[in-house]
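Undergrad: There's a structure below that I have some questions on.
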Amino acid sequence: MRFTFMCKKDMVPIAGPHGRGKIAIVGAGPAGLAASGYLVCQGYEVDVYDKLPLPGGLMSFAIPSFRISINSIIEGFEDLRDNFSVKFILNTKVFKRDTVRRDEGDEFTKNTVDLRELLNNYDAILIATGTWKSRKMNIPGEDSKGVYTALEYLFLLKSYELGYLNHEPPKANKVIVVGGGLSAIDAAEVMIHRGADEVYLVYRRTINEAPAGPFEINRLRRLGVKWMELATPKRIIADATGNVKEVELIKMKLGEPDESGRPRPIPIEGSEFTIEADMVIEAVGEIATSPFPDQEYLGIKQDKRGRIIVNDELRTGNEKVFAAGDVVSGPSKVGRAIFLGLNAARNIHLYLTTKRISKGGT
């Protein structure tokens, strides 16, 4: 899978100061890469900022290589850089200055740029910062040694495989992965590949409600993963050294639909049971991470889930700022992020073209 394309005949790349304008893209994941390819073909000078040492976002640093080839990602961004003059400013986090928010994946950040600076220096900005914060279960024992979020563990593993970390993340014999989405699928499959004797995939609803779908779950079952539905952890039990020893779970039943439209999982009183484990991986969802912690900054607003609020054109409350990908939609598949990135790029082009014509330009 590559994230660039050849410019069509009506797209004339004019990179550099004599092009149509200068655009900053914040985030080098699938939405940002897709947008940069489109915009540079339309003749814009494009700078892409990312906190990681390699473009690709979660594709490079969280999704296992057996699902998306890292070589394809590298080939795509090198094409943008070397043949289309897209400038990648890496190890740089764009964030509201003088505020602090620690997101997962910040380990490689060396520089910080305020979003306000970009607003002053570019004709338009696209925010595509994704979802770099994991939800937690908020249960007793969650701080025990051997408890990870799926994003945390997969990030450590990919960083090690890519040569950015010297220490390999620990392996385990008995693993409980909690969740029913693709992050849970990836974490469980990785642990099978890493030689775990037992891997449980625990989900509080049934296979029919799982976001990953029956196909992916049944594929894992054929690999040896033990699927356990209608159950959820109640507490994590550690040994005397603080390491995970076992997990107490409680059985669930399905009730009336909740706000997601799926049946609400309801704990069954008195149904607790325990399973031995030396690692727990929480894959209960990720949260959108905009480049500011406030509800509003520079006219850009976000909702209670951290998702940037946009209109049908993927424009924020600030005329010059657009947003796309998971930071708008919440966690989604790569194809959805690419789709939103391309739509945002088209709307940026339309905005700048209209603005140029209104000023008497061509």
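Laboratory data are not the source of any read-out in this text; all were calculated from the coordinates shown. These numbers were taken from a predicted model, which means no experiment stands behind them. Neighbour counts run over all protein chains shown; Cβ positions are idealised from the backbone, glycine included.
Undergrad: Considering all projection directions equally, how large on average is the shadow of the alpha-carbon convex hull of the stretch 136-282, in square nanometres?
TA: Computed as one quarter of the Cα hull surface, the answer is 9.3 nm².
Undergrad: Along the charge dipole of the stretch 108-194, Cβ charges K/R +1 and D/E -1, which of ALA188, ILE127, GLY146 sits furthest on the positive end?
TA: Toward the positive end, the furthest listed residue is GLY146.
Undergrad: Compute the distance in nm between two label points, each set 7 Å from the Cα along the Cα-to-Cβ direction, one at GLU319 and one at SER358.
TA: 0.5
Undergrad: Further, regarding this structure: Running a GNM on the chain with Cα contacts under 10 Å, which residue among ILE127, ILE192, ILE176 ends up with the highest mean-square fluctuation?
TA: Between ILE127, ILE192, ILE176, it is ILE192 that shows the largest mean-square fluctuation.
Undergrad: Shape call for the chain from the C-alpha gyration tensor, a ≥ b ≥ c root eigenvalues: rounded (a/c under 1.5), prolate (a/b greater than b/c) or oblate?
TA: Because a/c hits 1.5 or more and a/b exceeds b/c, the chain counts as prolate.
Undergrad: Just rank LYS253, LYS51, fewest to most, by other beta-carbon atoms within 10 angstrom.
TA: Least to most surrounded, the residues fall as LYS253, LYS51.
Undergrad: Next up: Where Rh is the Kirkwood radius over the Cα pairs of the stretch 217-362, the temperature 20 °C and the viscosity 1.002 mPa s, what D in µm²/s does Stokes-Einstein return?
TA: 109
Undergrad: If you don't mind, there's one more thing I want to ask. Using a ≥ b ≥ c from the Cα gyration tensor of the stretch 267-343 (square roots of the eigenvalues), is it rounded, prolate or oblate, where a/c under 1.5 gives rounded and otherwise the larger of a/b and b/c decides, a/b for prolate?
TA: Prolate, because a/c is 1.5 or more and a/b exceeds b/c.
Undergrad: Residues with amide H under 5 Å of VAL94's amide H, sequence separation 5 or more or different chain, H placed in the peptide plane at 1.01 Å from N; which?
TA: Those lying under 5 Å, H to H, from VAL94 are VAL113.
Undergrad: Long-range amide H contacts for PHE322: which residues qualify at under 5 Å (H placed 1.01 Å from N, peptide plane, sequence gap of 5 or more or a different chain)?
TA: ILE125, LEU126, ILE127, THR316
Undergrad: Using the Cα centre of the stretch 266-344 as the reference point, and only Cβ charges (+1 on K/R, -1 on D/E), how large is the resulting charge dipole? Debye, rounded to the nearest 20.
TA: Here the stretch 266-344 has a charge dipole of around 580 debye.
Undergrad: About its Cα centre, what dipole magnitude does the chain give when the only charges are +1 on Lys and Arg Cβ and -1 on Asp and Glu Cβ, stated in debye to the nearest 20?
TA: 920
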